[in-house]
Amino acid sequence: MLSRKVEIWVGLFLLAGIAAFLVLVFKVANVEVQAGNSSYTLYARFTNVGGLKVRSPVKVGGVVVGRVSQIELDPERLVAVVTLNMDGRYRNFPESSSLSILTSGLLGEQFLGLTPGFVDDESVMLKDGDRIADTKSALVLEDLIGQFLYSMGKKD
Amino acid sequence: MALIDAVARLGRAAIGQVTGMGRAGLMLWGALVAVPRPAKGMPLLIKQLYVVGVQSLIIILVSGLFIGMVLALQGYTILVDFGTEESLGPMVALSLLRELGPVVTALLFAGRAGSALTAEIGLMKSTEQLSSLEMMAVDPLRQIIAPRFWAGVISMPILAVLFTAVGIWGGHIVGVEWKGIDHGAFWSILQASVEWRQDIVNCLIKSLVFAIVVTWIALYRGYEVVPNPEGISKATTSTVVQSSLAVLALDFLLTAIMFG
(Lines give C-alpha, C1' and ligand atoms only; values in the text may rest on other atoms or scores of the structure.)
Protein backbone atom coordinates (compact mmCIF):
# COMPACT_ATOMS: atom_id res chain seq x y z
CA MET A 1 0.00 0.00 0.00
CA LEU A 2 1.12 3.51 -0.60
CA SER A 3 2.38 5.46 2.34
CA ARG A 4 0.56 8.64 3.27
CA LYS A 5 3.77 10.63 2.80
CA VAL A 6 4.08 9.65 -0.86
CA GLU A 7 0.50 10.66 -1.58
CA ILE A 8 0.91 14.02 0.12
CA TRP A 9 4.13 14.75 -1.76
CA VAL A 10 2.59 13.86 -5.11
CA GLY A 11 -0.40 16.06 -4.32
CA LEU A 12 1.89 18.96 -3.40
CA PHE A 13 3.91 18.36 -6.57
CA LEU A 14 0.81 18.61 -8.76
CA LEU A 15 -0.42 21.70 -6.88
CA ALA A 16 2.98 23.37 -7.26
CA GLY A 17 2.85 22.64 -10.99
CA ILE A 18 -0.58 24.19 -11.33
CA ALA A 19 0.47 27.21 -9.26
CA ALA A 20 3.57 27.76 -11.41
CA PHE A 21 1.46 27.48 -14.55
CA LEU A 22 -0.99 30.08 -13.26
CA VAL A 23 1.90 32.38 -12.35
CA LEU A 24 3.26 32.07 -15.88
CA VAL A 25 -0.13 32.70 -17.46
CA PHE A 26 -1.30 35.62 -15.34
CA LYS A 27 1.87 37.21 -14.02
CA VAL A 28 4.24 36.65 -16.95
CA ALA A 29 2.03 36.50 -20.03
CA ASN A 30 -0.48 38.84 -18.37
CA VAL A 31 -3.52 37.19 -19.86
CA GLU A 32 -6.49 39.33 -18.93
CA VAL A 33 -9.78 37.70 -18.14
CA GLN A 34 -12.40 39.83 -19.81
CA ALA A 35 -15.39 40.22 -17.53
CA GLY A 36 -18.42 40.02 -19.77
CA ASN A 37 -18.63 42.25 -22.84
CA SER A 38 -17.16 45.35 -21.28
CA SER A 39 -15.08 46.08 -24.36
CA TYR A 40 -15.92 47.62 -27.71
CA THR A 41 -14.31 47.57 -31.13
CA LEU A 42 -13.06 50.43 -33.27
CA TYR A 43 -11.44 50.39 -36.69
CA ALA A 44 -8.84 52.61 -38.30
CA ARG A 45 -7.11 52.71 -41.68
CA PHE A 46 -3.42 53.41 -42.02
CA THR A 47 -1.26 53.64 -45.12
CA ASN A 48 1.64 52.22 -43.10
CA VAL A 49 1.48 50.50 -39.73
CA GLY A 50 5.27 50.20 -39.37
CA GLY A 51 6.17 47.90 -36.50
CA LEU A 52 2.73 47.83 -34.92
CA LYS A 53 1.79 44.37 -33.69
CA VAL A 54 -1.28 42.56 -32.47
CA ARG A 55 -1.64 43.28 -28.72
CA SER A 56 0.18 46.60 -29.03
CA PRO A 57 -1.38 49.06 -26.58
CA VAL A 58 -3.65 52.00 -27.42
CA LYS A 59 -2.82 54.91 -25.14
CA VAL A 60 -4.44 58.20 -24.26
CA GLY A 61 -1.94 60.45 -22.50
CA GLY A 62 0.17 57.40 -21.67
CA VAL A 63 -2.70 55.44 -20.13
CA VAL A 64 -3.54 52.12 -21.79
CA VAL A 65 -7.19 52.21 -22.90
CA GLY A 66 -7.21 49.27 -25.31
CA ARG A 67 -5.17 46.93 -27.46
CA VAL A 68 -4.73 46.14 -31.14
CA SER A 69 -6.63 42.92 -31.79
CA GLN A 70 -6.12 42.51 -35.54
CA ILE A 71 -4.09 43.98 -38.39
CA GLU A 72 -5.03 43.16 -41.97
CA LEU A 73 -4.94 44.62 -45.45
CA ASP A 74 -8.08 46.04 -47.03
CA PRO A 75 -8.10 44.14 -50.35
CA GLU A 76 -9.77 46.97 -52.30
CA ARG A 77 -8.16 50.11 -50.94
CA LEU A 78 -4.83 48.39 -50.26
CA VAL A 79 -4.38 50.07 -46.90
CA ALA A 80 -3.90 48.45 -43.52
CA VAL A 81 -7.00 48.08 -41.38
CA VAL A 82 -6.29 47.95 -37.65
CA THR A 83 -8.95 46.62 -35.29
CA LEU A 84 -8.83 48.05 -31.78
CA ASN A 85 -10.25 46.29 -28.76
CA MET A 86 -11.09 49.16 -26.41
CA ASP A 87 -11.62 48.96 -22.68
CA GLY A 88 -15.32 49.48 -21.94
CA ARG A 89 -14.56 51.82 -19.06
CA TYR A 90 -13.42 54.52 -21.50
CA ARG A 91 -16.22 55.34 -23.90
CA ASN A 92 -16.33 59.08 -24.31
CA PHE A 93 -14.07 59.72 -27.27
CA PRO A 94 -15.56 62.18 -29.79
CA GLU A 95 -15.68 61.31 -33.46
CA SER A 96 -13.05 63.93 -34.24
CA SER A 97 -10.41 62.03 -32.23
CA SER A 98 -7.21 61.19 -34.07
CA LEU A 99 -5.04 58.12 -33.94
CA SER A 100 -1.30 58.06 -34.61
CA ILE A 101 1.36 55.37 -34.50
CA LEU A 102 4.03 56.40 -32.03
CA THR A 103 7.22 54.84 -30.73
CA SER A 104 8.06 54.54 -27.07
CA GLY A 105 11.61 55.78 -26.73
CA LEU A 106 14.09 55.93 -29.57
CA LEU A 107 14.07 52.23 -30.46
CA GLY A 108 11.15 50.97 -28.38
CA GLU A 109 7.93 49.23 -29.23
CA GLN A 110 5.35 50.99 -31.35
CA PHE A 111 1.93 51.83 -29.96
CA LEU A 112 -1.18 53.73 -30.95
CA GLY A 113 -1.66 57.17 -29.47
CA LEU A 114 -5.29 58.29 -29.34
CA THR A 115 -5.75 62.06 -29.13
CA PRO A 116 -9.31 63.00 -28.11
CA GLY A 117 -10.88 65.58 -30.37
CA PHE A 118 -12.99 68.62 -29.51
CA VAL A 119 -16.48 68.28 -28.10
CA ASP A 120 -19.32 70.62 -29.04
CA ASP A 121 -23.09 70.28 -29.24
CA GLU A 122 -23.08 68.45 -32.57
CA SER A 123 -20.18 66.08 -31.98
CA VAL A 124 -20.96 62.38 -31.74
CA MET A 125 -19.13 59.92 -29.53
CA LEU A 126 -17.37 56.89 -31.01
CA LYS A 127 -19.28 53.69 -30.42
CA ASP A 128 -18.82 49.99 -31.12
CA GLY A 129 -17.90 49.30 -34.75
CA ASP A 130 -17.05 52.90 -35.66
CA ARG A 131 -14.05 53.92 -37.69
CA ILE A 132 -11.59 56.61 -36.63
CA ALA A 133 -11.11 58.75 -39.71
CA ASP A 134 -8.18 60.90 -38.69
CA THR A 135 -5.07 58.70 -38.62
CA LYS A 136 -1.34 59.35 -38.89
CA SER A 137 0.85 56.53 -40.18
CA ALA A 138 4.03 55.27 -38.65
CA LEU A 139 7.21 57.22 -39.09
CA VAL A 140 9.50 55.09 -41.22
CA LEU A 141 13.13 55.90 -40.51
CA GLU A 142 14.28 55.00 -44.03
CA ASP A 143 11.77 57.40 -45.60
CA LEU A 144 12.92 60.17 -43.28
CA ILE A 145 16.54 59.57 -44.17
CA GLY A 146 15.58 59.49 -47.84
CA GLN A 147 13.79 62.84 -47.56
CA PHE A 148 16.69 64.31 -45.66
CA LEU A 149 19.22 63.20 -48.27
CA TYR A 150 16.97 64.48 -51.04
CA SER A 151 16.63 67.91 -49.44
CA MET A 152 20.38 68.01 -48.82
CA GLY A 153 20.98 67.26 -52.48
CA LYS A 154 18.66 70.07 -53.65
CA LYS A 155 20.60 72.70 -51.70
CA ASP A 156 23.82 72.08 -53.59
CA MET B 1 34.85 -10.91 -50.21
CA ALA B 2 35.80 -8.12 -47.85
CA LEU B 3 33.47 -5.83 -49.73
CA ILE B 4 30.54 -8.21 -49.41
CA ASP B 5 31.29 -8.58 -45.72
CA ALA B 6 31.18 -4.82 -45.33
CA VAL B 7 27.85 -4.62 -47.13
CA ALA B 8 26.50 -7.42 -44.96
CA ARG B 9 27.67 -5.60 -41.82
CA LEU B 10 25.92 -2.45 -42.97
CA GLY B 11 22.77 -4.43 -43.68
CA ARG B 12 22.89 -6.13 -40.29
CA ALA B 13 23.29 -2.77 -38.55
CA ALA B 14 20.37 -1.29 -40.46
CA ILE B 15 18.13 -4.29 -39.75
CA GLY B 16 19.13 -4.08 -36.09
CA GLN B 17 18.17 -0.40 -35.95
CA VAL B 18 14.81 -0.91 -37.59
CA THR B 19 14.06 -3.97 -35.45
CA GLY B 20 14.96 -1.96 -32.36
CA MET B 21 12.57 0.82 -33.32
CA GLY B 22 9.85 -1.71 -34.03
CA ARG B 23 10.37 -3.39 -30.67
CA ALA B 24 10.34 -0.03 -28.89
CA GLY B 25 7.08 0.81 -30.64
CA LEU B 26 5.56 -2.54 -29.71
CA MET B 27 6.61 -2.12 -26.10
CA LEU B 28 4.96 1.31 -25.85
CA TRP B 29 1.89 0.10 -27.73
CA GLY B 30 1.52 -2.88 -25.38
CA ALA B 31 1.87 -0.64 -22.35
CA LEU B 32 -0.56 2.04 -23.46
CA VAL B 33 -3.30 0.17 -25.26
CA ALA B 34 -4.15 -2.00 -22.27
CA VAL B 35 -7.57 -1.24 -20.80
CA PRO B 36 -7.02 1.18 -17.93
CA ARG B 37 -7.88 -0.09 -14.48
CA PRO B 38 -8.17 2.98 -12.27
CA ALA B 39 -8.46 1.04 -9.02
CA LYS B 40 -5.21 -0.84 -9.54
CA GLY B 41 -3.37 1.56 -11.81
CA MET B 42 -3.71 4.75 -9.76
CA PRO B 43 -1.58 3.69 -6.77
CA LEU B 44 1.15 2.50 -9.14
CA LEU B 45 1.02 5.80 -11.01
CA ILE B 46 1.17 7.84 -7.81
CA LYS B 47 4.14 5.84 -6.59
CA GLN B 48 5.95 6.53 -9.87
CA LEU B 49 4.98 10.22 -9.86
CA TYR B 50 6.70 10.40 -6.50
CA VAL B 51 9.84 8.65 -7.73
CA VAL B 52 10.05 10.36 -11.10
CA GLY B 53 8.54 13.77 -10.37
CA VAL B 54 8.82 14.70 -6.72
CA GLN B 55 12.33 13.35 -6.33
CA SER B 56 13.51 15.40 -9.34
CA LEU B 57 12.12 18.60 -7.82
CA ILE B 58 15.23 19.69 -5.92
CA ILE B 59 17.61 19.50 -8.87
CA ILE B 60 15.08 21.20 -11.17
CA LEU B 61 14.31 24.07 -8.79
CA VAL B 62 17.93 24.74 -7.86
CA SER B 63 19.11 24.63 -11.49
CA GLY B 64 16.21 26.83 -12.57
CA LEU B 65 17.05 29.45 -9.97
CA PHE B 66 20.72 29.56 -10.86
CA ILE B 67 20.16 29.55 -14.62
CA GLY B 68 17.71 32.43 -14.29
CA MET B 69 20.18 34.36 -12.14
CA VAL B 70 23.09 33.75 -14.50
CA LEU B 71 21.02 34.75 -17.53
CA ALA B 72 20.01 37.98 -15.81
CA LEU B 73 23.56 38.79 -14.75
CA GLN B 74 25.02 38.17 -18.20
CA GLY B 75 22.16 39.96 -19.91
CA TYR B 76 22.50 42.93 -17.58
CA THR B 77 26.19 43.47 -18.30
CA ILE B 78 25.44 43.55 -22.04
CA LEU B 79 22.20 45.53 -21.96
CA VAL B 80 23.50 48.20 -19.59
CA ASP B 81 25.97 49.29 -22.28
CA PHE B 82 23.03 50.28 -24.46
CA GLY B 83 21.04 51.76 -21.61
CA THR B 84 18.27 49.24 -22.20
CA GLU B 85 18.60 47.21 -19.00
CA GLU B 86 14.80 47.27 -18.63
CA SER B 87 14.67 44.76 -21.48
CA LEU B 88 16.26 42.23 -19.15
CA GLY B 89 12.79 40.92 -18.21
CA PRO B 90 11.78 39.79 -21.71
CA MET B 91 15.28 38.45 -22.36
CA VAL B 92 15.20 36.19 -19.30
CA ALA B 93 11.55 35.21 -19.64
CA LEU B 94 11.61 34.49 -23.37
CA SER B 95 14.84 32.50 -23.33
CA LEU B 96 13.54 30.44 -20.41
CA LEU B 97 10.07 29.88 -21.84
CA ARG B 98 11.08 29.20 -25.41
CA GLU B 99 14.27 27.20 -25.01
CA LEU B 100 15.97 26.72 -21.68
CA GLY B 101 12.94 25.71 -19.64
CA PRO B 102 11.89 22.68 -21.68
CA VAL B 103 15.37 21.71 -22.87
CA VAL B 104 17.33 21.93 -19.62
CA THR B 105 14.48 20.25 -17.75
CA ALA B 106 14.54 17.40 -20.27
CA LEU B 107 18.33 17.04 -20.01
CA LEU B 108 18.26 17.04 -16.22
CA PHE B 109 15.30 14.70 -16.25
CA ALA B 110 17.17 12.27 -18.51
CA GLY B 111 20.10 12.30 -16.13
CA ARG B 112 18.13 12.18 -12.89
CA ALA B 113 15.03 10.10 -13.64
CA GLY B 114 15.70 8.49 -17.04
CA SER B 115 18.89 6.75 -15.96
CA ALA B 116 17.20 5.55 -12.76
CA LEU B 117 14.28 4.12 -14.75
CA THR B 118 16.65 2.25 -17.08
CA ALA B 119 18.72 0.83 -14.22
CA GLU B 120 15.63 -0.22 -12.27
CA ILE B 121 13.94 -1.98 -15.17
CA GLY B 122 17.26 -3.39 -16.36
CA LEU B 123 17.85 -4.94 -12.96
CA MET B 124 14.30 -6.32 -12.90
CA LYS B 125 14.96 -7.86 -16.29
CA SER B 126 18.35 -9.30 -15.27
CA THR B 127 16.97 -10.87 -12.12
CA GLU B 128 14.05 -12.24 -14.17
CA GLN B 129 11.45 -10.37 -12.15
CA LEU B 130 9.69 -9.42 -15.38
CA SER B 131 9.48 -13.08 -16.44
CA SER B 132 8.18 -14.03 -12.99
CA LEU B 133 5.45 -11.43 -13.29
CA GLU B 134 4.49 -12.90 -16.63
CA MET B 135 4.42 -16.36 -15.09
CA MET B 136 1.97 -15.06 -12.49
CA ALA B 137 -0.24 -13.87 -15.38
CA VAL B 138 0.57 -10.21 -14.68
CA ASP B 139 1.44 -8.26 -17.80
CA PRO B 140 4.78 -6.53 -17.03
CA LEU B 141 4.04 -3.92 -19.68
CA ARG B 142 0.93 -2.85 -17.82
CA GLN B 143 2.30 -3.30 -14.34
CA ILE B 144 5.82 -1.89 -14.77
CA ILE B 145 6.15 0.05 -18.00
CA ALA B 146 2.81 1.88 -18.28
CA PRO B 147 2.80 3.65 -14.88
CA ARG B 148 6.42 4.77 -15.36
CA PHE B 149 5.67 6.09 -18.82
CA TRP B 150 2.65 8.07 -17.68
CA ALA B 151 4.50 9.36 -14.64
CA GLY B 152 7.27 10.69 -16.90
CA VAL B 153 4.83 12.28 -19.34
CA ILE B 154 2.88 13.98 -16.56
CA SER B 155 5.90 15.08 -14.52
CA MET B 156 8.07 16.68 -17.14
CA PRO B 157 5.75 19.53 -18.24
CA ILE B 158 5.12 20.30 -14.57
CA LEU B 159 8.85 20.33 -13.89
CA ALA B 160 9.47 22.53 -16.94
CA VAL B 161 6.84 25.03 -15.81
CA LEU B 162 8.33 25.09 -12.30
CA PHE B 163 11.83 25.49 -13.74
CA THR B 164 10.71 28.46 -15.85
CA ALA B 165 8.82 30.14 -13.02
CA VAL B 166 11.73 29.77 -10.63
CA GLY B 167 14.15 30.95 -13.33
CA ILE B 168 12.15 34.13 -13.92
CA TRP B 169 12.12 34.68 -10.18
CA GLY B 170 15.92 34.26 -10.20
CA GLY B 171 16.13 36.85 -12.97
CA HIS B 172 13.98 39.17 -10.86
CA ILE B 173 16.27 38.70 -7.86
CA VAL B 174 19.38 39.62 -9.82
CA GLY B 175 17.84 42.31 -12.00
CA VAL B 176 15.56 44.12 -9.59
CA GLU B 177 16.87 43.39 -6.11
CA TRP B 178 20.56 43.40 -6.85
CA LYS B 179 21.15 45.51 -9.96
CA GLY B 180 18.35 47.93 -9.19
CA ILE B 181 16.26 47.81 -12.37
CA ASP B 182 12.91 49.47 -11.75
CA HIS B 183 10.43 46.88 -10.51
CA GLY B 184 7.50 48.23 -12.53
CA ALA B 185 9.45 48.58 -15.77
CA PHE B 186 10.89 45.07 -15.43
CA TRP B 187 7.49 43.44 -15.12
CA SER B 188 5.51 45.59 -17.54
CA ILE B 189 8.00 45.15 -20.39
CA LEU B 190 8.18 41.45 -19.57
CA GLN B 191 4.40 41.13 -19.65
CA ALA B 192 4.13 43.10 -22.88
CA SER B 193 6.49 40.78 -24.73
CA VAL B 194 5.46 37.34 -23.46
CA GLU B 195 2.50 35.96 -25.30
CA TRP B 196 0.21 33.22 -24.08
CA ARG B 197 -0.17 31.27 -27.31
CA GLN B 198 3.26 31.84 -28.80
CA ASP B 199 5.37 31.31 -25.70
CA ILE B 200 3.57 29.45 -22.94
CA VAL B 201 1.63 26.94 -25.04
CA ASN B 202 4.73 26.23 -27.13
CA CYS B 203 6.76 25.72 -23.95
CA LEU B 204 4.25 23.09 -22.83
CA ILE B 205 4.15 21.39 -26.24
CA LYS B 206 7.93 21.21 -26.33
CA SER B 207 8.25 19.70 -22.89
CA LEU B 208 5.46 17.20 -23.60
CA VAL B 209 7.30 15.99 -26.71
CA PHE B 210 10.58 15.76 -24.77
CA ALA B 211 8.80 13.90 -21.97
CA ILE B 212 7.50 11.24 -24.34
CA VAL B 213 10.87 10.80 -26.05
CA VAL B 214 13.03 10.71 -22.91
CA THR B 215 10.75 8.38 -20.96
CA TRP B 216 10.31 6.11 -23.94
CA ILE B 217 14.05 5.79 -24.54
CA ALA B 218 14.71 5.18 -20.84
CA LEU B 219 12.08 2.46 -20.58
CA TYR B 220 13.10 0.76 -23.80
CA ARG B 221 16.80 0.74 -22.88
CA GLY B 222 15.91 -0.93 -19.58
CA TYR B 223 13.49 -3.35 -21.13
CA GLU B 224 15.94 -4.52 -23.78
CA VAL B 225 18.96 -4.69 -21.50
CA VAL B 226 21.63 -7.39 -21.89
CA PRO B 227 21.05 -9.12 -18.54
CA ASN B 228 24.40 -8.66 -16.82
CA PRO B 229 26.06 -5.84 -14.84
CA GLU B 230 27.93 -4.57 -17.86
CA GLY B 231 24.72 -4.54 -19.89
CA ILE B 232 22.94 -2.45 -17.26
CA SER B 233 25.76 0.07 -17.12
CA LYS B 234 25.80 0.32 -20.91
CA ALA B 235 22.02 0.70 -21.05
CA THR B 236 22.07 3.49 -18.46
CA THR B 237 24.76 5.35 -20.36
CA SER B 238 23.00 5.02 -23.66
CA THR B 239 19.76 6.28 -22.11
CA VAL B 240 21.42 9.53 -21.07
CA VAL B 241 23.37 9.94 -24.31
CA GLN B 242 20.53 9.06 -26.67
CA SER B 243 17.85 11.04 -24.90
CA SER B 244 20.09 14.12 -24.63
CA LEU B 245 20.86 13.96 -28.34
CA ALA B 246 17.22 13.33 -29.20
CA VAL B 247 16.10 16.29 -27.06
CA LEU B 248 18.60 18.69 -28.61
CA ALA B 249 17.83 17.59 -32.17
CA LEU B 250 14.07 17.68 -31.61
CA ASP B 251 14.39 21.09 -29.99
CA PHE B 252 15.90 22.51 -33.15
CA LEU B 253 13.16 20.91 -35.22
CA LEU B 254 10.36 22.18 -32.95
CA THR B 255 11.86 25.66 -32.78
CA ALA B 256 12.07 25.75 -36.57
CA ILE B 257 8.39 24.78 -36.80
CA MET B 258 7.15 27.06 -34.01
CA PHE B 259 9.23 30.21 -34.43
CA GLY B 260 10.90 29.76 -37.83
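The values are calculated or read from the model by the stated rules, or taken from the named source; none is laboratory data. This structure is a prediction, so every number in the text was calculated from the model and none was measured. Virtual Cβ from ideal backbone geometry, glycine too; neighbours counted across all protein chains shown. Surface accessibility is based on the protein's heavy atoms, side chains included, excluding ligands, DNA and RNA. Shrake-Rupley method; radii C 1.70, N 1.55, O 1.52, S 1.80 Å.
Amide H to amide H under 5 Å from residue A:59: which residues, 5+ apart in sequence or cross-chain, H placed 1.01 Å off N in plane?
When sequence neighbours closer than 5 places are left aside, the close amide H contacts are A:65, A:112, A:113, A:114.
Sum -39500 (n - 2.57) across every DSSP H segment of at least 4 residues in the protein assembly as shown, then divide by the residue count to get the 222 nm mean residue ellipticity, nearest 500. It would help to have the intermediate numbers written out before the result.
Values: 13 runs with 227 residues, N = 416.
Dividing the helical sum by the residues of the protein assembly as shown leaves -18500 deg cm²/dmol.
Treating cross-link reach as a plain straight distance, find the aspartates and glutamates whose alpha-carbon is under 12 Å from the alpha-carbon of residue B:179, omitting any fewer than eight places away in the same chain.
Correct list for residue B:179: B:85, B:86.
What's the magnitude of the charge dipole for the protein assembly as shown around its Cα centre, counting Lys and Arg as +1 and Asp and Glu as -1 at the beta-carbon? Answer in Debye, nearest 20. Display every interim value, and only then the final one.
Values: 32 positive and 33 negative charges, 312 e Å.
So the magnitude is around 1500 debye.
Based on the alpha-carbon gyration tensor of the protein assembly as shown, what equivalent-ellipsoid semi-axes (square roots of 5 times the eigenvalues) come out, in whole Å, largest first? Display every interim value, and only then the final one.
Details: eigenvalues 592, 131, 93 Å².
Working through the eigenvalues yields semi-axes of 54, 26, 22 Å.
Enter the buried accessible area of the A/B pair, total of both sides, probe 1.4 Å, in Å² rounded to the nearest 100.
Working: alone 11190 and 13680 Å², together 22730 Å².
When A and B are taken together, about 2100 Å² of accessible area is lost.
Give me the base-10 log of I(q)/I(0) for the range B:92-183 at each q in 0.17, 0.20, 0.24 Å⁻¹, Debye formula, one uniform scatterer per Cα, rounded to two decimals.
Normalising to I(0) and taking log10 leaves -0.79, -0.94, -1.12.
Could you look at the range A:50-156 and say what percent of its accessible area is carbon and sulfur, using a 1.4 Å probe and all protein chains? Walk me through the numbers on the way to the answer.
Working: 4010 of 7090 Å².
Taking all protein chains in place, the range A:50-156 shows 57 percent carbon and sulfur surface.
Distance cut-off 22 Å, Cα to Cα: go down the list B:125/B:234; A:5/B:47; A:5/B:125; A:5/B:40; B:47/B:234 and report the pairs above it.
Violating the 22 Å limit, Cα to Cα: A:5/B:125; B:47/B:234.
Sticking with the crude label model, points 7 Å out along Cα→Cβ, report the distance from residue A:83 to residue A:60 in nm, one decimal please.
Between residue A:83 and residue A:60, the simple spin-label model gives 2.3 nm.
Straight-line reach only, C-alpha to C-alpha below 27 angstrom: list the lysines that residue A:127 could link to, leaving out same-chain residues fewer than 8 apart.
Qualifying lysines at Cα under 27 Å: A:53, A:59, A:136.
Give me the tail of P(r) for the range A:17-152 as a percent: Cα-Cα pairs with distance above 21 Å. Walk me through the intermediate numbers first.
Numbers: 4565 of 9180 pairs.
Value for the range A:17-152 (Cα pairs over 21 Å): 50 percent.
Among the chymotrypsin sites (Phe, Trp or Tyr not before Pro) within the range A:71-156, which fall in a DSSP loop and have no more than 13 other Cβ atoms within 10 Å of their own Cβ? Write down the numbers at each step before the final one.
Numbers: sites: A:90, A:111, A:118, A:148, A:150; in loops: A:90, A:118.
Taking the range A:71-156 and a limit of 13 other Cβ atoms within 10 Å, the loop chymotrypsin sites (Phe, Trp or Tyr not before Pro) found are A:118.
Figure the gain on full extension for residue B:234 and residue B:21 (residue separation times 0.36 nm, minus the Cα-Cα span) and round it to one decimal in nm.
Working: separation 213, 0.36 × 213 = 76.68 nm, distance 1.81 nm.
Stretched out fully, the residue B:234 to residue B:21 stretch lengthens by 74.9 nm.
Suppose we compare each residue of the range B:77-120 in its chain alone and in the full protein complex with a 1.4 Å probe; which ones drop by at least 50 Å² of accessible area?
Buried on complex formation: no residues.
Suppose we keep just the DSSP beta bridges with both residues in the protein assembly as shown; what percent of those would be antiparallel, to 5? Don't skip to the end; give the middle numbers.
On the way: 26 of 33 bridges.
In the protein assembly as shown, DSSP labels about 80 percent of beta bridges as antiparallel.
For the range A:76-143, state which GluC sites (Glu not before Pro) are in a DSSP loop and have at most 13 other beta carbons lying within 10 Å of their beta carbon.
A:76, A:122
Averaged per residue, what accessible surface does the protein assembly as shown expose to a 1.4 Å probe, in Å²? Before the final figure, lay out the partial values.
Numbers: 22730 Å² over 416 residues.
I get 55 Å² per residue for this part.
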